[in-house]
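The values are calculated or read from the model by the stated rules, or taken from the named source; none is laboratory data. The model shown is predicted, which means the values in this text are computed figures rather than measured ones. Using ideal geometry, Cβ is built from the backbone for each residue, glycine included, and neighbour counts are taken over all protein chains shown.
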Amino acid sequence: MKVALLDYGAGNVRSVINALRALGAEVRPVKRPEDILSAERLVFPGVGNFGSIMRALNEKGFVEPLREYLRQNRPFLGICLGLQVLFEGSEEAPGVAGLSVFPGFVRRFRVSLSVPHIGWNGIKPAKPSRLFRGLSGEEKFYFVHSYYVDPADPALALTRTDYGLEFVSAVESGNIVALQFHPEKSGPAGLKILENFLSREGEAVLPPRILEKTQLAKRIIACLDVRSDDEGRLVVTKGLQYDVREGGRVRDMGAPVELAHLYFQEGADEITFLNITGFRHFPLKDQPMLEVLRRTSERVFVPLTIGGGIRDFTDRDGRSYSALEVASAYFRAGADKVSIGSDAVYIVEDYLRRGGASGNSSIETISRVYGRQAVVISIDPKRRYVKSPSETEHPVIETEIPGPNGERYCWFQCTVKGGREARDVDAVTLARVCEELGAGEILLNSIDRDGTNLGYDLELIQAVSEAVSIPVIASSGAGSPEHFYEVFTRTRAEAALAAGIFHRREVEIPALKRYLREKGIEVRLA
Ligand code: 1PR
């Protein structure tokens, strides 16, 4: 079956193309306005922000044909912003008119929870639909957004979801459906919805179970640190306090694409690749890493994050590349988010020196184009012990884990270049400033705990997650299912990332999730 894909050139539509192709669809991009009215089925995955999408649609002359296609009630699937632009306007871009196919507006979340709403949440069907065929009603889907639609006509709502308030998470009217969540990133349940949209067969149904309330799941993220081994092959490696060599050789934990696919099948909620020598080798010259991403995104239908080497760069021939260009190459290859490590530290140093934002840092430029949810900040801190808080200007905590000389206080010092160089910035300040500059998530490692199996550094995670309102991903040190339980119950972390425990098969993801579910932690069971 043929699908026309409305790609207005702003973002990563590769994951949608991959998911549709995996279901046997022949996907063709809409290149000219006339391609819209000749489409059999139209899919519109919105990326970026409300204002930039409407500008792009207007510039390309797509607005009128799109309105006409929708007026004719032809098969349409909108995803994320592809839902929001169907309404009259959005608080994200005051004064910018939407497609106005449906009356109503798009509002920003004003809730006490983290915004953006990122992660796996449920849906409560409001009316029967073909899209629900084969679903049990208990599935979770991947959301990532700061705004939600508020239709004037309640009959438009297909599903609702709870996140501090109840919002409309999908609409349906005739042959037009639009979803706030990302079916292409929602594992088997999301693929089922896409398949139902493509086949358009059978009666509209309600799923057997309808939840009373939906809940955001705590996310389990599998992390793959990737680099070349001593023979030059790209491998997944694993460090102990960031030292990835054993007996002088790079530890080889497996092949990147195969391992990512295994964790996807086992139910990992996200996969993160860290190109750990990216600070040394320029990623755009590192084609194998882009190839890994391309091949992974063809088989893995949960969010993919890639980090390593995202910064401005000038090559030997004097050609300059911006961090935005590097990130764009990663997005085109199939990444959903990029993670910025060393560069974030330099940006925050610059911010503190000049007393404000430069306006052109990688965090700002990438989040302006791709949205803040696409920008993760990876922090590599080390504990610095002090005898008394007056010894340092950095925010200090009183710690239950005393230092080597019995010190009762510490702060968390940021490092760059994979932990090789410590800088005069602390993790709490770094996270705060990065949030202000446009970051959407914090990936919080700990050099002290990395690879030790001793459990997460709960004090570090609590200190940072209290300082920001964006989601914090706890990382480093997981050695047992209890450590995940601990980090979810004793800190505000929304996700827990682990590497060694999964690579060494000490704990497998399905067993971990069952354990957490039994202990009352909301997780997605794939
Ligand atoms: O600075 O923007 O080029 O990004 C480099 C990225 O590579 C950063 O995100 C940095 O954290 C990462 N990195 C650099 N060197 C290493 C190393 O290990 N030598 N890995 C490294 C960081 C930490 C986590 C690890 C968790 C969980 N590894 O990725 O997966 O600690 O491990 P565990 O569960 O086994 O304890 P830039």
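May I ask you to verify whether Val302 is in contact (Cβ under 8 Å) with a residue 60 or more places away in the chain, more than 30 Å from Gly318 (Cα to Cα), more than 16 Å from the ligand (Cβ to nearest atom) and not acidic (Asp, Glu)? So Val302 passes the test. Hey, does segment 241-256 have a residue that's away from the ligand (no atom under 16 Å from the Cβ) and of a type in the set (Asp, Glu)? The answer is no, given that none of the residues of segment 241-256 is away from the ligand (no atom under 16 Å from the Cβ) and of a type in the set (Asp, Glu).
Scanning segment 487-503 for residues that are of a type outside the set (S, T, N, Q), over 21 Å from Val396 (Cβ atoms) and more than 14 Å from the ligand (Cβ to nearest atom) returns Phe488, Glu494. Would you mind stating whether Val376 is within 12 Å of the ligand (Cβ to nearest atom), over 23 Å from Leu293 (Cβ atoms) and in contact with a Leu (Cβ under 8 Å, 6 or more places away or on another chain)? Judged against the criteria, Val376 is not a match.
If I filter segment 47-70 down to residues being of a type in the set (Gly, Ala, Ser) and in a loop (DSSP other than H, G, I, E, B), which single residue comes out as surrounded by the most Cβ atoms within 10 Å (Cβ to Cβ)? Within segment 47-70, the match that is surrounded by the most Cβ atoms within 10 Å (Cβ to Cβ) is Gly48. Restricting attention to segment 202-240 and to residues that are more than 16 Å from the ligand (Cβ to nearest atom) and of a type in the set (A, V, I, L, M, F, W, C), the residue that is nearest to Leu274 (Cα to Cα) turns out to be Ala217. Residue pairs whose Cβ atoms lie under 9 Å apart, separated by 6 or more positions or on different chains, with the first residue in segment 305-321 and charged (D, E, K, R) and the second within 11 Å of the ligand (Cβ to nearest atom) and at pLDDT below 90, are Arg311/Gly278; Arg311/Phe279; Asp315/Phe282.
Taken over segment 403-428, residues that are more than 19 Å from Gly278 (Cβ to Cβ) and buried (at least 19 other Cβ atoms within 10 Å of the Cβ) amount to 9. Scanning segment 41-70 for residues that are polar (S, T, N, Q) and touching a residue at least 24 places away in the same chain (Cβ under 8 Å) gives Asn49, Ser52. Let me confirm something: among Leu444, Leu458, Leu454, which residue is surrounded by 22 or more Cβ atoms within 10 Å (Cβ to Cβ) and under 22 Å from Thr415 (Cβ atoms)? Just a single option satisfies the conditions, and that option is Leu444.
Screening Ser390 with (1) free of Cβ contacts under 8 Å to residues at least 24 places away in the same chain; (2) in a loop (DSSP other than H, G, I, E, B) gives one miss only, at (2). Selection of first residues in segment 508-522 that are over 16 Å from Leu497 (Cα atoms) and of second residues that are among the β-branched types (Val, Ile, Thr) and in a loop (DSSP other than H, G, I, E, B), restricted to Cβ pairs under 7 Å at least 6 apart or on distinct chains, gives the following pairs, ordered by first then second residue: Arg517/Val523. Under the condition of being outside any loop (DSSP other than H, G, I, E, B), at pLDDT below 85 and either within 15 Å of the ligand (Cβ to nearest atom) or touching a helix residue (DSSP H, G or I) at 6+ places or on another chain (Cβ under 9 Å) (or both), the residues counted in segment 272-287 number 3.
Of all residues in segment 442-457, those that are in a strand (DSSP E or B) have Cβ atoms under 7 Å from Cβ atoms of residues that are among the hydrophobic types (A, V, I, L, M, F, W, C) and within 7 Å of the ligand (Cβ to nearest atom), 6 or more apart or on another chain, in Leu443/Leu497. When the criteria are applied in full, Ser38 meets the requirement of being over 16 Å from Asp150 (Cα atoms), among the hydroxyl-bearing types (Ser, Thr, Tyr) and without any contact (Cβ under 8 Å) to a residue 40 or more places away in the chain.
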